[in-house]
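A.B. asks: Below you will find the structure I want to go over with you.
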Amino acid sequence: MSDILIPRRQLFARTGCLVAAAGALPLLSGCDAINGAPAVRKILSMGEEMNRASQRALMDRDALAREFSRADLSPIFRSNGTKLPPGDDYAAHAANGFVDWRVQVTGLVARPLSLSLADVRAMPQRTQITRHDCVEGWSAIGQWTGPRLGRILAAAGVRDSARYIVFRCADRIGGDLYYESCDMVDALHPQTIMAWALNDAVLPIANGAPLRLRIERQLGYKHAKYVNAIEAVASLDAIGEGKGGYWEDRIDYEWYAGI
Ligand SMILES: Nc1nc2c(c(=O)[nH]1)N[C@H]1C(S)=C(S)[C@@H](COP(=O)(O)O)O[C@H]1N2
Ligand SMILES: [Mo]
């Protein structure tokens, strides 16, 4: 895997010291011994930014979802919600193997992108075997491959003012387009990827071909399928009914569906 992760123990060691330093002086020297005084001072001077980061760590938003082995793969990864987006447009894309499919990366970015599947596949890839949990009461384990969403956003030069990422889908349910959204913590999480392959094969239509979100710390309905646009925004208010997702707008599904 080409993505480099900071070992979690290291992350925790640092934040642990920061928390101790904020609360109790005697512990600060303990941290000094481990991390070195200049490093601690530098961390303390980072002020609000570090405070936010430590809160994030305390909430465990950065923790990785469990990854499984090939032996754990579900024999069939079932489909839920839309199994085939209605309409001639999607049918035409499917008929020619999605070669003309584009995912637009727009909104609060320095360089809007229009990525083909070839572009998506040419980026550094991540493969992960994870468990999908649907609120309707089923789970399945599958292996997903695709670039990290964070890489796509970096390529587009996502702006600091972006607070949410919106995923627009090609399927309509009851006449309305499916969409979802997440905050920047989940968007930049190492296991948040735009997947084009399931179990070493091109993504089946029923599972969101040609491109779907995998956002492994969230429940099933957040994993937008048939994605054709990724938009960085400062607010969700003007999108759909303002609750951040197709089901959030309609029934009482939580926008933050962390697991
Ligand atoms: N575009 C789109 N994305 C979607 C849905 C959908 O109907 N349309 N259903 C959601 C729900 S409720 C679940 S559980 C998962 C199902 O993914 P799967 O079909 O690969 O099992 O996709 C989610 N993403
Ligand atoms: Mo679901």
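The values are calculated or read from the model by the stated rules, or taken from the named source; none is laboratory data. Bear in mind the structure is a predicted one, so any value in this text is a computation, not a measurement. Please note: Cβ atoms are built from the backbone with ideal geometry, for glycine as well, and neighbour counts cover all protein chains shown. Each accessible area value is taken on the protein alone, full model and side chains, heavy atoms only, with ligands, DNA and RNA left out. Shrake-Rupley method; radii C 1.70, N 1.55, O 1.52, S 1.80 Å.
A.B. asks: If each of VAL202 and ARG163 carries a label point 7 Å out from its Cα toward its Cβ, how far apart are those two points in nm?
C.D. replies: If labels sit at VAL202 and ARG163, their model points lie 4.1 nm apart.
A.B. asks: Sticking with this one: How would you rank 118-124, 194-200, highest first, on the average number of other Cβ atoms within 10 Å across their residues? Working shown, then result.
C.D. replies: Numbers: 118-124: 13.3, 194-200: 19.6.
Averaged packing, sorted descending, gives the order 194-200, 118-124.
A.B. asks: Another question about this same structure. Could you tell me the calculated FRET efficiency between ALA154 and ASP183, based on Cβ-Cβ distance and R0 = 25 angstrom, to the nearest 0.05?
C.D. replies: Numbers: r = 17 Å, r/R0 = 0.67.
Approximately 0.90, to the nearest 0.05.
A.B. asks: For a quick size check, give me the Cα extents of region 70-251 along its three principal axes, largest first, whole Å.
C.D. replies: Its Cα atoms span 43, 37, 34 Å along the three principal axes.
A.B. asks: How high is the FRET efficiency from VAL135 to ASP72, r the C-beta distance, R0 30 Å, rounded to 0.05?
C.D. replies: Values: r = 22 Å, r/R0 = 0.72.
Given R0 = 30 Å and the Cβ-Cβ separation, E is 0.90.
A.B. asks: Using modelled amide H (1.01 Å from N, peptide plane; none on Pro or chain starts), what sits under 5 Å from the amide H of CYS169, excluding residues fewer than 5 places away?
C.D. replies: Amide H neighbours of CYS169, under 5 Å, 5+ apart: TYR178, ASN228.
A.B. asks: Residues of region 144-259: accessible area per residue at 1.4 Å, in Å²? Write out the running numbers ahead of the final one.
C.D. replies: Values: 4150 Å² over 116 residues.
Counting only protein heavy atoms, the per-residue value for region 144-259 is 36 Å².
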